[in-house]
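The values are calculated or read from the model by the stated rules, or taken from the named source; none is laboratory data. Worth saying up front: this structure is predicted, and the values here are computed from it rather than measured. Ideal geometry is used to build each Cβ from the backbone, glycine not excepted, and the neighbour counts take in all protein chains shown. Areas reflect the complete protein model, heavy atoms only, side chains present, ligands, DNA and RNA absent. Shrake-Rupley method; radii C 1.70, N 1.55, O 1.52, S 1.80 Å.
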Amino acid sequence: MFGEYVISPQVSIKAVNNVSIELKKNEVIGIAGESGCGKSTLIKILYGFLQPPLTASGKVLLNTKGGLDLLSVSEDYKRENIWWKIMSYIPQNSMNVLNPFMKIGDHFVELLRKHLKIEKDEAYRVAEEYVMSMGMRKDVLKAFPHQLSGGMRQRVVVSLALLLKPSIIFADEPTTAVDVVLQKVLLQLLTDKQKELGATLVVVTHDMGVHAMITQKVAVMYAGRVVEEAPTEPLFEDPKHPYTQALINSLPRLGDDRPRIGLSGSPPDLRNPPPGCEFHPRCPYAMDICRREKPLRVKIDKDRYVVCWLYAKR
Amino acid sequence: MSTHLLKVENVTKVFRYGILGFKFRAVDDVSIVIEDKPMIFTIAGESGSGKTTLAKLILKIYRPEQGRILFMGRDIYRIDDNEYHRCIQPIMQDPYASFNPMQKPIRYLRETARNIAGIRDEKEVEERIAKTLSYVGLNYVDVVNKYPHEFSGGELQRLAIARALIPRPRLIIADEPVSMLDASLRINIINLFKKIKEDLGISFIYITHDLATAYYMSNKIAIMFRGTVVELGDARKVLSNPLHPYTQTLIESLPEPSPKKRRYWMEKKIKFSTYIEEEEFVIKGCKYVFRCPYTIDKCKHVLPPYIKVDDTEVRCWLYEKK
Amino acid sequence: MYINTRIRVFIDVLKSLSRYGRFRVGIAIIAILIALSLISLASPPRYKQWYVYPKDRPPQLTSSIDMILGTTTNGRSVFWIMVNALANSLCIGLLTALIGSHIGLLIGLLAGISRGKTELGFILLIDSFVVLPGLPILIVLALALKQSMTIHTIPLILSVIAWAWPARNVRSIALSVMSRDFITIASFSGIKFRSILLYEVMPYVLGWHLTNFINTIIWAIGMETALAIFGLSILSEDTLGTMLYWVLNFNALFRGLWWWILPPIVLLILIFIGFYLISVSVSTYLNPRLRGGVA
């Protein structure tokens with residue numbers, strides 16, 4: 001699929017470029033990459049949340065709905081039948097997405113009433129039970145968002161996203177604004193519930209540590225393309241794409257102070273991307289062909305793909 | 001002369017929530033010493049731990065309510081601003097906010113060379129700037145006519161470092177200097193800090209919440225929690241053998257980029273408590289009582305003193321010598 | 001060279017402003033009004049005298065433009081009264097804006113950079129003038145100073161109130177700019193406080209100063225009209241306000257002298273719309289959040 005931001009009729013940014021991705025049941029998939037590589041845009045498209053200036057082409061097929069193309073149905077349909085129920089989305093800065101004028105309980109009751117068509121009192125009872133099952137006190141429901149700490153608010157947002165037992169959960173940088181302790185609590189909550197529901201969890205983050213701790217499969221993005229796709233363990237043990245190598249090897253670790261070297265240069269301007277492989281200006285192994293032609297997706301191993309001329313069979 | 005480059009003595013800074021809100025101590029009775037030898041001193045802690053406030057106190061942006069800060073044995077409020085800025089320079093968190101978007105960054109480098117480094121001759125000013133820029137990996141010609149929006153974040157942060165280096169300070173205070181940068185660029189900036197420390201003998205106060213980079217680069221570390229320093233000592237020792245329960249939790253929660261450690265990380269569950277932030281700020285005793293698994297009655301009422309265990313100082317009653 | 005770049009920046013700003021349709025319409029309206037008011041320079045000396053023309057005549061085309069908008073009950077040419085009133089009203093608006101918004105700029109900046117007790121004093125001063133009801137105070141002032149009022153002293157009286165809103169606005173802008181990181185970097189670059197104020201803070205404040213300036217023009221013209229309707233402006237001079245006063249006094253409304261009533265009302269509406277459009281497009285330009293698009 002493709003995703004473009006149209007800034008003015010003359011200028012558009014290809015934030016997501018020819019990406020194909022498959023989400024399997026009961027799996028935690030990570031999308032890695034730096035700011036501006038298109039990872040947030042990718043999951044907005046997967047979620048079918050297209051608002052100007054974002055436009056998308058390609059297909060997002062949903063198996064549970066008999067191969068329905070999400071990009072072809074109306075927003076009202078998605079709102080009624082798909083969002084929250086089949087797919088849910090935990091946005092960036094999720095501690096600030098709650099309506100400040102609504103009590104926490106009303107957030108839950110509104111969702112329950114809309115989708116389960118039940119009475120207010122019953123919805124409130126269901127919400128109470130649910131909140132307790134998520135490890136919170138039930139008087140949280142009586143509070144306004146500003147009365148809760150940032151961590152609690154984030155927990156509420158995660159609970160809301162999981163309320164209707166969706167089969168796909170998208171989490172866009174769910175833990176960038178929180179400290180490590182809270183990050184761990186939230187990630188553990190998310191993965192526990194994912195296992196319980198047998199759902200697919202898609203985690204977008206630039207923090208390779210998070211990928212190593214919770215995902216089963218990682219897709220690494222650079223300048224709008226997926227450059228490497230692999231199961232987590234082999235990816236960290238033996239990264240193939242030079243960009244993945246740099247990402248993983250440049251990370252300092254506790255208890256290890258060997259000198260580490262980073263990449264030179266900076267990410268390309270997507271309005272005017274370099275010809276050939278987008279990564280070649282920063283790549284230590286750049287060859288002639290990299291400057292001229294786009295590399296193709298090469299299968300290296302079971303479920304392992306890399307987009308790089310180094311691995312192309314010629 | 002004094003053997004201390006910088007000495008922070010029992011410094012307290014009080015803030016207020018709103019105009020009529022409650023008062024709380026953003027920095028509460030903090031003492032740290034930075035010896036007079038090139039070193040990287042890390043101040044680590046979560047948001048709201050007071051680490052940035054402490055940096056601003058040292059930079060004379062805030063004035064402490066209690067305690068004093070000594071630079072080379074002199075109270076920093078007795079040192080003339082210009083002289084102080086020749087010795088201490090800051091690097092900020094957000095490279096895009098460090099330079100006025102309406103002015104060329106080179107202006108700040110020139111002004112620093114003229115006013116702080118005290119170079120009179122204009123040719124020498126440009127020479128010093130060119131030399132410093134090439135030291136941090138930038139090219140004078142590429143920089144001189146550009147506005148901030150024409151640079152990338154990494155380049156701007158290098159410019160900020162170059163500016164701080166121009167007067168050859170003794171100490172640079174870097175407040176989360178890499179947290180806004182892309183992952184692939186962070187390590188370069190961190191390596192640059194190490195190089196500056198070794199080549200030029202400049203010390204750093206590195207403020208961060210990222211313990212992995214702290215381990216990678218720093219000599220000493222102070223862990224802060226809710227305004228107090230809870231543990232202080234050699235960085236390697238503190239991070240590989242944490243004493244304070246808070247430091248232990250911090251290290252256990254750190255996600256590491258090695259999937260082999262996943263099981264250990266997943267199995268160590270953290271109890272999510274419904275503590276209240278305000279209470280943590282105002283409590284008389286140890287501020288960690290609401291979350292600590294080892295709380296005893298004493299913790300709630302009396303703030304533990306610094307207790308020496310080997311070379312590490314830790315503020316926790318667990319280590320009280322009987 | 002320095003001045004050249006400043007001029008270029010100014011032209012760039014005008015260019016990007018002129019992309020807003022609102023801005024172009026606003027500028028066009030104001031340009032037409034200014035052109036109209038400039039005609040007043042050619043007014044014949046007799047325009048101030050009564051009964052030069054027959055009274056209560058509707059508009060008619062004659063060889064001169066004197067009768068083009070008809071005459072008043074005092075036998076004066078409505079056209080000449082109108083262009084003079086427009087010139088005077090614009091002049092009052094402009095002078096008040098010059099005095100009031102600049103006092104506001106100065107006090108706002110001082111309040112923005114001062115700390116502690118001085119800051120509290122400034123806040124008290126600014127806020128009490130913001131909450132004081134403007135019209136009653138102006139009525140009292142106008143009553144007291146009625147003898148010495150001219151076109152040039154009315155702006156002084158209006159400025160007593162006019163500075164407070166701009167001051168408040170400038171203070172909040174200055175405060176937010178002063179807390180930004182680059183101010184810290186500037187002071188650690190050894191840049192003197194005065195130059196920080198001039199080169200780092202002022203560029204941010206000046207844009208808002210421009211909107212304040214335009215808003216004060218609107219406010220002052222409206223306020224003068226209000227005072228005039230109470231009969232408290234200088235009735236011997238023609239302004240849009242005094243024109244309305246005489247219209248009301250001679251019951252022109254009930255006698256159907258529409259050609260005397262309409263000109264001041266239409267002009268006031270045009271002035272408000274014109275300046276409002278400019279002010280809105282300037283503040284949209286200054287505030288990136290309102291500008292829209294991908295930032």
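At a glance:
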item: Sparsely packed trypsin sites (Lys or Arg not before Pro) within region C:1-66, loop by DSSP, other Cβ within 10 Å at most 16; result: C:R19, C:K55
item: Contact surface B-A: accessible area buried, both sides summed, square angstrom, 1.4 angstrom probe; result: 4100 Å²
item: Fraction of beta bridges assigned by DSSP in the protein assembly as shown that are antiparallel (%, nearest 5); result: 60 percent
item: Highest-MSF residue in chain A out of A:I289, A:I168, A:I90 [GNM, Cα springs under 10 Å]; result: A:I289
item: Solvent-accessible area, 1.4 Å probe, carbon plus sulfur percent, for region C:16-286; result: 71 percent
item: Proximal charge balance of A:G198 [Cβ under 15 Å; K/R count +1, D/E count -1]; result: +2
item: Beta bridges per DSSP with both ends in chain B, % antiparallel, nearest 5; result: 60 percent
item: All lysines inside 17 Å of B:K300 as judged from Cα atoms, apart from same-chain residues fewer than 8 positions distant; result: B:K284, B:K287
item: Inter-chain Cβ neighbour average for residues A:241-252, partner chain, 10 Å; result: 4
item: Distance (nanometres) between label positions extended 7 Å along Cα→Cβ at A:L296 and C:S179; result: 5.8 nm
item: Straight-distance crosslink candidates among lysines, where the alpha carbon sits under 21 Å from C:K192 and sequence neighbours closer than 8 are dropped; result: B:K56, B:K60, B:K104
item: Given charges at beta-carbon only (K, R positive; D, E negative), |dipole| of chain B in Debye; result: 460 debye
item: Distance (nanometres) between label positions extended 7 Å along Cα→Cβ at C:A31 and A:D139; result: 6.8 nm
item: R0 of 35 Å, Cβ-Cβ distance A:N18-A:D256: FRET efficiency to nearest 0.05; result: 0.40
item: Charge dipole magnitude, Cβ of K and R +1, D and E -1 - the protein assembly as shown, Cα centre, debye nearest 20; result: 240 debye
item: GNM flexibility winner over chain A from A:T64, A:T232, A:T176 (Cα, springs under 10 Å); result: A:T64
item: Shape category assigned to chain B from the gyration tensor of Cα positions, a/c cut at 1.5; result: prolate
item: Estimated vicinal HN-Hα couplings, Hz - region B:208-224 in sequence order (Karplus 6.51, -1.76, 1.60; Gly, Pro = x); result: 7, 10, 9, 6, 5, 5, 4, 5, 5, 10, 9, 8, 10, 9, 10, 9, 10
item: Whole-Hz ³J(HN,Hα) from phi, Karplus 6.51 cos²θ - 1.76 cosθ + 1.60, for region B:143-158, glycine and proline x; result: 9, 4, 10, 9, 9, x, 5, 8, 9, 8, x, x, 5, 5, 5, 5
item: 10 Å Cβ shell holding at most 13 others, DSSP loop, GluC sites (Glu not before Pro): longest site-free stretch of chain B; result: B:66-319
item: Most positive-pole-ward Cα, C:G21, C:G116, C:L69, against dipole of region C:16-286 from beta carbon charges; result: C:G21
item: Anchor A:K217: lysines whose Cα lies under 17 Å away (excluding residues fewer than 8 positions away in-chain); result: A:K24, A:K25, A:K39, A:K195, A:K240, A:K299, A:K302, B:K260, B:K261
item: Assigned charges on the beta-carbon of Lys, Arg, Asp, Glu; chain A dipole about Cα centre (debye); result: 420 debye
item: Highest-fluctuation residue, B:S152, B:S98, B:S31 considered, GNM on chain B with Cα pairs under 10 Å; result: B:S152
item: Fraction of accessible area attributable to carbon and sulfur, region B:110-184 (%, probe 1.4 Å); result: 45 percent
item: Loop-located GluC sites (Glu not before Pro) in region A:212-296, at most 15 other Cβ atoms within 10 Å (DSSP); result: A:E293
item: Summed residue charge, Cβ within 13 Å of C:W260's Cβ, Lys/Arg positive, Asp/Glu negative; result: +2
